[in-house]
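Q: Following this message is one structure expressed as structure tokens.
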Amino acid sequence: MAENGAKPIRLGMVGGGTGAFIGYVHRIASRLDGDFQLVAGALSSRPEVARESGKNLGLAEDRVYTSYEEMAKAEAARPDGIQAVSIVTPNHMHFGPTKAFLEAGFHVICDKPITSTLDDARKLLDIKPTNGAKFLLTHNYTGYPLIRQARELVASGALGKLRVVQAEYAQDWLTEAADEGNKQAAWRTDPARSGAGGAIGDIGTHAYNLLRFVTGLKTDSVSADLTAFVPGRQLDDNVHVMLRFEGGAKGMLWASQVAVGKENGLQLRVYGDKGGLEWSQENPNYMWFTEFGKPRQLITRGGSISVPPAASMNVRIPAGHPEGYLEAFATLYSQFAAVIRGEGADYEELLPTMADGIEGMQFITASVKSSQNDSKWTRFSDV
């Protein structure tokens, strides 16, 4: 039961079977606040893995499916069928399930990026969901309480007119050619499954979405340099992007999966003519805020320097008790549950949408196009 006494929303899952990291994360996030209960799944395209994964998760045998098409049809026919579905497949398998389940009247929670191509992303706009089915894209870093507070600070004018935004996401796990058995690396470095972007699609889109969520700035154009440093790699593993925003602000984004010594270095820095802020995902309960000419202030999650509603709406436990990645992910799930139940009007503008997903694909597409043209400035409106 959810804490408000509501019955858990019946959840299905596409992908995320044995050995899939992101499926495991979604399952934890979905049940952390008691808002969802996993009851069905098409957990793998390989029947034996699908059945074994369903058994390991305690699903009823007749609700373990070997394709998402079979699952959508069967669950729609059940009086106790799923109400929502999580799609946690490789990028090229996002479009089909999203279309099928929205048209069948199920709410969809989809991992990012929204699809593997911009054309497919735009085709999602032609879908006509039934039964009021809604869509959530899990850009989970927007669920951190201090990221929500950073957004409020910017919107309040505390930083003044924004001038400079710097976002980076650096890892080192693909510094060398991946072993053949590394499933996570295999599809991320495969253009057929990942799409046109490697690091830019996997983690660059997170950095881009984060800067857009916090600042509200609209991107005009990008100048990008995408590189595959590892010999034989078909997709980029290091990305440098300069950004021009409407209104004159400028940005820089670096995403890398070959930055030795970096584990999960997602960082955001925003500077205006009155102040600046800095936040790092590896220490997400702390944020530095500085007003020009004054000492730096350390803002802590749920601490004394806090701006409502961030202090109440997005914090689970008292200050000093760390909240992290799983809780941020769970925030999206719990707030989407409130939207599904018709109780989440306060959350809707905070949750990543289909429009955010399409813009993420514009970012990837424009950056790839720019890089292929010797980093020529490329407008979003031209892709």
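Q: For Leu326 and Glu180, FRET efficiency with R0 = 30 Å and r from the beta-carbon atoms, rounded to 0.05?
A: 0.50
Q: Still on this structure: When the accessible area of the chain is computed with all protein chains present and a 1.4 Å probe, what percentage of it is carbon and sulfur?
A: 51 percent
Q: Please sort 316-326, 212-222 by packing, taking for each peptide the average over its residues of neighbouring beta carbons within 10 angstrom, highest first.
A: 212-222, 316-326
Q: So what are the ³J(HN,Hα) numbers for segment 124-138, from phi and the Karplus equation (6.51, -1.76, 1.60; θ = phi - 60°), rounded to whole Hz, Gly and Pro as x?
A: Running phi through 6.51 cos²θ - 1.76 cosθ + 1.60 with θ = phi - 60° gives 4, 5, 7, 5, 10, x, 9, 6, x, 4, 10, 10, 10, 9, 8 Hz.
Q: Which residue, chosen from Thr130, Ala20, Ala104, occupies the Cα position most advanced towards the positive end of the dipole of the chain, where the dipole is computed from +1 (Lys, Arg) and -1 (Asp, Glu) charges on Cβ about the Cα centre?
A: Of the listed residues, the answer is Thr130.
Q: So which lysines pass the test for Lys376, namely a Cα distance under 25 Å, with those fewer than 8 places away in the same chain ruled out?
A: Hits, sequence-local ones excluded: Lys218, Lys250.
Q: Go through Leu153, Ala186, Ile299 and say which Cα lies farthest out towards the positive end of the charge dipole of the chain; charges sit on Cβ, +1 for Lys and Arg, -1 for Asp and Glu.
A: Comparing the listed Cα positions along the dipole, Leu153 ranks first.
Q: Sorted by packing (mean other beta-carbon atoms within 10 Å per residue), highest first, where do 294-304, 270-280 land?
A: Ranking the peptides 294-304, 270-280 by packing returns 270-280, 294-304.
Q: Report the antiparallel proportion of the DSSP beta bridges in the chain as a percent, rounded to a multiple of 5.
A: 60 percent
Q: Is the shape of segment 1-149 rounded, prolate or oblate, going by the alpha carbon gyration tensor and its root eigenvalues a ≥ b ≥ c, with a/c under 1.5 for rounded and a/b larger than b/c for prolate?
A: Taking the square roots of the gyration eigenvalues as a ≥ b ≥ c, segment 1-149 is rounded.
Q: What do you reckon, how do Ser381, Ser367 stack up by accessible area (1.4 Å probe), largest on top?
A: Ser381, Ser367
Q: Cut-off under 18 Å on the C-alpha distance; same-chain residues fewer than 8 positions from Lys369 excluded. Which aspartates and glutamates are left, in chain and number order?
A: Asp119, Asp120, Asp202, Asp220, Asp225, Asp236, Asp237, Glu359, Asp382
Q: Moving on to the next point. Report, in debye and to the nearest 20, how large the dipole of segment 137-213 comes out about its Cα centre when Lys and Arg carry +1 and Asp and Glu carry -1 on their Cβ.
A: 600 debye
Q: Can you give me the C-alpha center-to-center distance between segment 245-300 and segment 203-231, rounded to a whole angstrom?
A: Their Cα centres are 14 Å away from one another.
Q: Pairs to check: Lys274/Lys294; Lys73/Lys112; Lys55/Lys134. Give those whose C-alpha atoms are more than 18 Å from each other in this structure.
A: Table pairs above 18 Å Cα-Cα are Lys73/Lys112; Lys55/Lys134.
Q: Could you state the accessible area per residue of the chain in Å², with a 1.4 Å probe and every protein chain left in place?
A: In whole numbers, the chain has 44 Å² accessible per residue.
Q: Can you tell me how much longer the chain between Lys250 and Glu282 gets when fully stretched, taken as 0.36 nm per residue apart minus their C-alpha distance, in nm with one decimal?
A: Result: 9.0 nm gained on full extension.
Q: With a point put 7 Å past each Cα toward its Cβ, work out how far Lys376 is from Thr227 in nm, to one decimal.
A: Each label point lies 7 Å from its Cα, and together they span 2.3 nm.
Q: Please compute the modelled spin-label separation between Lys294 and Glu48, points set 7 Å along Cα→Cβ, answer in nm with one decimal.
A: Inter-label distance under the simple model: 6.5 nm.
Q: Can you give the charge dipole size of the chain about its Cα centre, rounded to the nearest 20 debye, using +1 on the beta carbon of Lys and Arg and -1 on the beta carbon of Asp and Glu?
A: The dipole of the chain has a size of about 620 debye.
Q: Can you list the HN-Hα couplings for segment 251-257, worked out from phi with the Karplus curve (6.51, -1.76, 1.60; θ = phi - 60°), rounded to whole Hz and with x for Gly and Pro?
A: Ordered by residue, 3J(HN,Hα) equals x, 9, 9, 10, 10, 8, 10 Hz.
The values are calculated or read from the model by the stated rules, or taken from the named source; none is laboratory data. All values derive from a computational prediction rather than experimental measurement. We place every Cβ from the backbone using ideal geometry, glycine too, and count neighbours over all the protein chains shown. In case anyone asks, the SASA skips ligands and DNA or RNA and just uses the protein heavy atoms, side chains included. Shrake-Rupley method; radii C 1.70, N 1.55, O 1.52, S 1.80 Å.
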